[in-house]
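The values are calculated or read from the model by the stated rules, or taken from the named source; none is laboratory data. Here the structure is a predicted model, which means the values were calculated and not measured. In this analysis, Cβ positions are derived from the backbone assuming ideal geometry, glycine residues included, and neighbour counts consider all displayed protein chains. Surface accessibility is based on the protein's heavy atoms, side chains included, excluding ligands, DNA and RNA. Shrake-Rupley method; radii C 1.70, N 1.55, O 1.52, S 1.80 Å.
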Amino acid sequence: MHTLKESDVKSGCIIYGTSESDPSRVITASVANAGYNVLFHNADGSIIEEHTIPAIDVPSSGIVTIDSGFVPDDGYVSLEEVDSNLSGNPDVYMFSVEKDLLSHKVLNVRSAQTGSECYKGKDYRSISDTADSAALTVLQESGVSYYQTSYSADAVSGREIASHIPVLSPLPAARDTLVTAFYTSNNDQHTDLAYYGFIEPSFVYDTEDYDEIVAASLSNQDLMPMYWQSAANLDLDEGSAILAIHNNQSYQWQTLYHDVDEFTIAANYNKVSHWLGLFSGISNDSSWQFESVMAIDEQDSHLEVSLPELAPIIGVDIQQQCPTALDNAKFCIDNAGSFSEEDFALQRSHIKVLTNNNRAFYQSIYAQPKAQQPLLESSAIELSIQDLEGLELALIDSELASTQQDYFMAKYLDSRSIAETGQGGTFSDANGFIITPDDYQDLYLDMLKSSTTVVQQAK
């Protein structure tokens, strides 16, 4: 993934969005067919050399076919990118999955590709880009102090009056906008929901270029108070909210505040197919960050949020010659009892290591939860540890369907940062699973429709 002037993007090549650092450029992609190997590993992390697919054998199409029969039970497959500097000494970046998780994936590499074909796809800017001047107007309602707009669960804005309410949408808008209106509260929080409505795209206009404005109307029918509480060891953050799914799109209905245990839905509202509670924050006794989704049953007025037992990862470290790991792995991550494997379905283990010869070694491993996760060997450098620069653990529970697995993997790739800088930040893979905005929205919706919890922590 990289940025390019729009005029230089050939017809039929994918455009993910507009560059944030330079609006004259767009985010696009080229087929990756150079600079990486595909490795097969035993359960202890050792390389099965006879099955290695070296960079020289990667076809020009960039499509590498993996025979899972070459992967032993509990073994792994890795994408290994070897990034050499001017001295010829390699840095290594690896993305690895356990055998049971193998499936068709589009993966990114960091290194620039020379002369390869562009990656085919459509222009997604109508989904990913917003217009600063998009707005709508609704009828002013008595006693209302705030009007919130939600073009999606992540695109939320608002205003104190009913005219020219900002909408985080493209122009023209491509789907309905949810408007929720709130009475004045004593704590300046938007908790007392008064009116609501899904507003058609035609009501969204450009505040810098408009003629006649038509004000949309809202409803206050069938409002139902409901209650929630969280376990005493959880601190919720501003990402906690009630979501509504309408026309297979997620919207933020209202924010949940730590000190207000009530929210309101519109019972029997036929434009909402699913009501959801999205809870995020931190476990204050173990420092794990969490995001938990709970379905709301209109017949049950109470939600209760809790996490499996977790402990701080202070003791989590990389061990040599792990005695209990499969086949005595050379190195492994020992979770030091920070979680129980039985409570989760999938684990992400990520390390950033400086080796004894001052080379960077980054590795992300997706596997079934383990007390000891073996590290996987590189074909380019001998793994040694001069300095552990970062260690991250992430876990997801639920009955893990392929969509939850893909959502979990896609969650940990910051595609915009990769395209703009080639670098990933905290909780971001250097290489990893990349999907289109449409596909991510589908995965996100599937995740929301199930009861799912993701926890993560870094040291």
Reported set for segment 1-40 where residues are farther than 22 Å from residue 435 by Cβ and open to solvent by less than 20 Å² (accessible area, probe 1.4 Å) is 39, 40
Among 408, 361, which is more than 16 Å from the chain's Cα centre (by Cα), surrounded by 22 or more Cβ atoms within 10 Å (Cβ to Cβ) and touching a residue at least 60 places away in the same chain (Cβ under 8 Å)? 361
Filtering segment 81-124 down to residues that are farther than 23 Å from residue 44 by Cβ, among the acidic types (Asp, Glu) and out of contact with any Lys or Arg (no Cβ under 6 Å at 6 or more places or on another chain) yields 83, 117, 123
Would it be correct to say that residue 249 is in contact (Cβ under 8 Å) with a residue 40 or more places away in the chain and open to solvent by 10 Å² or more (accessible area, probe 1.4 Å)? yes
Considering every residue within segment 434-457, establish whether at least one is closer than 16 Å to residue 362 by Cα and touching a residue at least 24 places away in the same chain (Cβ under 8 Å). no
Where residues in segment 71-104 are part of a loop (DSSP other than H, G, I, E, B) and in contact with a helix residue (DSSP H, G or I) (Cβ under 8 Å, 6 or more places away or on another chain), which of them is most open to solvent (accessible area, probe 1.4 Å)? 73
Is it the case that some residue within segment 325-339 is within 25 Å of the chain's Cα centre (by Cα) and more than 30 Å from residue 382 (Cβ to Cβ)? yes
Every listed condition ((1) modelled with pLDDT of 90 or more; (2) under 20 Å from residue 281 (Cα atoms); (3) open to solvent by less than 50 Å² (accessible area, probe 1.4 Å)) holds for residue 450 save (1)
Would you be able to say whether some residue in segment 52-64 is on the phi > 0 side of the Ramachandran plot, assigned to a loop (DSSP other than H, G, I, E, B), in the same structural domain as residue 324 (by the TED database) and not basic (Lys, Arg)? yes
Filtered residues of segment 252-289 (kept if in contact (Cβ under 8 Å) with a residue 40 or more places away in the chain, within 18 Å of residue 302 (Cβ to Cβ) and among the charged types (D, E, K, R)): 259, 262
Could you count how many residues in segment 263-303 are of a type in the set (Gly, Ala, Ser), in a loop (DSSP other than H, G, I, E, B) and open to solvent by less than 50 Å² (accessible area, probe 1.4 Å)? 2
Matching helices (runs of 4 or more DSSP H) fully within segment 350-459 where at least 2 residues are touching a helix residue (DSSP H, G or I) at 6+ places or on another chain (Cβ under 6 Å) and closer than 30 Å to residue 125 by Cβ: 402-411, 437-448
Listed residues 84, 96, 46, 21; which is on the phi < 0 side of the Ramachandran plot, hydroxyl-bearing (Ser, Thr, Tyr) and free of Cβ contacts under 8 Å to residues at least 40 places away in the same chain? 84
